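Below is one structure, written out as structure tokens, with a few remarks after it.
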Ligand code: ATP
Ligand code: MG
């Protein structure tokens with residue numbers, strides 16, 4: 001029987017990898033320009049890190065985690081997100097003792113047991129950026145500015161920044177109670193999951209995609225009407241700093257984030273190209289997460305970008321595949337040896353050169369060169385070689401000229417278009 005990959009787990013193939021590398025390289029460049037450093041964290045953690053950090057009554061912890069017991073009986077979980085692990089690492093290695101402000105990013109796979117469909121997988125990749133140790137709303141805006149700058153940099157358009165505030169642990173309970181009372185009067189309209197959420201996590205109902213639930217929340221009370229003075233001030237400043245940076249945003253009073261640890265600022269960037277799975281990225285402030293996992297009170301803010309969804313939005317016309325620069329077609333045994341010597345020499349100079357490992361006819365070598373979309377073909381014939389010469393063919397305009405083999409490297413460097 002042929003063994004296939006598990007459903008919801010994807011291979012990223014060589015013809016797609018250029019997009020991934022482009023996105024990752026752009027993220028590194030932009031984030032490091034904003035003073036962020038990369039951190040790499042394990043893919044597996046103790047289950048409590050997520051159940052306490054993300055919150056028991058969230059979709060992720062209730063039904064999406066890949067949890068298993070290892071051979072020593074420990075309950076472990078494949079990370080469903082990166083923030084909790086990054087916070088754990090910050091505490092565990094006392095990163096704060098060097099400087100309380102840590103700007104960190106992380107790129108890698110996450111795992112959630114969800115129903116696989118377009119834009120939703122069981123292993124998917126995220127780019128995460130977090131700032132730990134700052135409560136000032138300046139940093140909320142800074143993180144959003146960096147995010148939008150990055151998304152534009154990779155070529156995304158038709159983006160909409162939505163923001164909201166979720167209040168804090170002092171003012172949110174009052175809102176939560178009002179919302180619960182309101183939704184209790186509509187409970188007949190709610191889906192099965194939301195009936196349960198009504199008791200466990202009524203805010204989550206605002207995020208439900210079921211149509212009857214959407215109708216039920218139409219006139220629901222809004223967080224913004226319940227937040228205290230400090231939260232209001234914080235939100236006003238975030239908006240002012242965004243305006244200062246010339247960023248436009250839409251207030252979405254119904255936006256909540258799926259994880260319990262969020263407080264105050266919440267944001268999402270939505271694309272109108274994506275259909276129903278339209279959130280490319282989401283994030284927000286989480287001033288309670290650290291206390292849940294470690295006892296220290298450290299404020300944090302950050303975002304996670306879904307890489308598959310981001311990549312599906314990249315400009316169609318941009319070329320991401322790196323084709324070989326040169327193909328060397330050799331005629332005869334001696335020429336073939338010379339071709340092999342040249343290919344190896346060119347590789348050391350960063351020129352992507354290929355030859356045919358089967359030493360076939362010129363015609364079939366040219367066909368292969370064509371298929372590989374090389375920029376140039378060097379044709380080595382034994383007669384010309386004796387004169388130290390070979391033919392260089394430009395595969396775009398088909399112009400062919402004789403060149404000196406001794407000058408090959410310089411000639412190629414002046415002609416090849418390097419990506
Ligand atoms: P959704 O409401 O779509 O389930 P979420 O609130 O669970 O999203 P986050 O936990 O905030 O998402 O993760 C941030 C981003 O990661 C999302 O905006 C999305 O682009 C991506 N993402 C989340 N879950 C998946 C998945 N199962 N497959 C692919 N991408 C995902
Ligand atoms: Mg989700």
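Laboratory data are not the source of any read-out in this text; all were calculated from the coordinates shown. What you see is a predicted model; the values in this text were computed from it and never measured. Heads up, the Cβs are rebuilt from the backbone with ideal geometry, glycines too, and the neighbour counts pull from every protein chain shown.
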_Hydrodynamic radius (Kirkwood) for the range 29-125, which is based on Cα pairs only, to one decimal in Å_ = 14.8
_Please give the Cα centre distance for the range 343-419 versus the range 226-275, rounded to the nearest Å._
56
*Where both residues lie in the chain, what percent of DSSP beta bridges are antiparallel, nearest 5?*
80
*For each of 91, 362, count neighbouring Cβ atoms within 10 Å of the residue's Cβ, then give the residues from fewest to most.*
362, 91
_residue 389 paired with residue 70, simple spin-label distance in nm, labels 7 Å along Cα-to-beta-carbon_ = 6.8
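In what sequence do 325, 234, 347 fall when counting other Cβ within 10 Å, fewest first?
347, 325, 234
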*In what order do 244, 110, 1 fall by count of nearby beta-carbon atoms within 10 Å, going from fewest to most?*
1, 244, 110
*Rounded to the nearest 0.05, what FRET efficiency is calculated for residue 212 and residue 63 with R0 set to 30 Å and r the Cβ-Cβ distance?*
0.90
*Answer rounded, prolate or oblate for the range 196-324, using the Cα gyration tensor with square roots of eigenvalues a ≥ b ≥ c: rounded when a/c is under 1.5, else prolate when a/b is larger than b/c, else oblate.*
prolate
*Averaged over every viewing direction, what's the projected area of the C-alpha convex hull for the range 262-419? Give it in nm², one decimal, please.*
15.7
*Computed from the mean reciprocal separation of all distinct C-alpha pairs, what Kirkwood hydrodynamic radius does the chain have, in Å?*
24.9
*How long is the gain from residue 317 to residue 153 if the chain were fully straight, where each residue apart is worth 0.36 nm and the alpha carbon distance is subtracted?*
57.5 nm
*Once fully extended, how much extra length lies between residue 2 and residue 228, figured as 0.36 nm per residue of separation less the alpha-carbon to alpha-carbon distance?*
75.3 nm
*What shape does the range 318-373 have by the C-alpha gyration tensor, where a ≥ b ≥ c are the square roots of the eigenvalues, rounded means a/c under 1.5, and otherwise prolate means a/b greater than b/c and oblate the rest?*
oblate
_For the chain, built as a Gaussian network whose Cα springs stay under 10 Å, the top-fluctuating residue of 371, 63, 19_ = 371
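For every helix of n ≥ 4 consecutive DSSP H residues, a contribution of -39,500 (n - 2.57) applies; sum these over the chain, divide by its total residues, and give [θ] at 222 nm rounded to the nearest 500 deg cm²/dmol. If you can, show how the numbers build up before the last one.
Numbers: 14 runs with 149 residues, N = 419.
Helices in the chain give a 222 nm mean residue ellipticity of -10500 deg cm²/dmol.
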_Efficiency of FRET from Cβ geometry, residue 297 and residue 200, R₀ 25 Å, rounded to 0.05_ = 0.45
*asked:* How much length would be gained if the chain were fully extended between residue 120 and residue 26, taking 0.36 nm per residue of separation minus their Cα-Cα distance, in nm to one decimal?
replied: 31.5 nm
*the range 342-384 residues near the modelled residue 396 label - backbone nitrogen below 11 Å, point 7 Å along Cα→Cβ*: 375-376
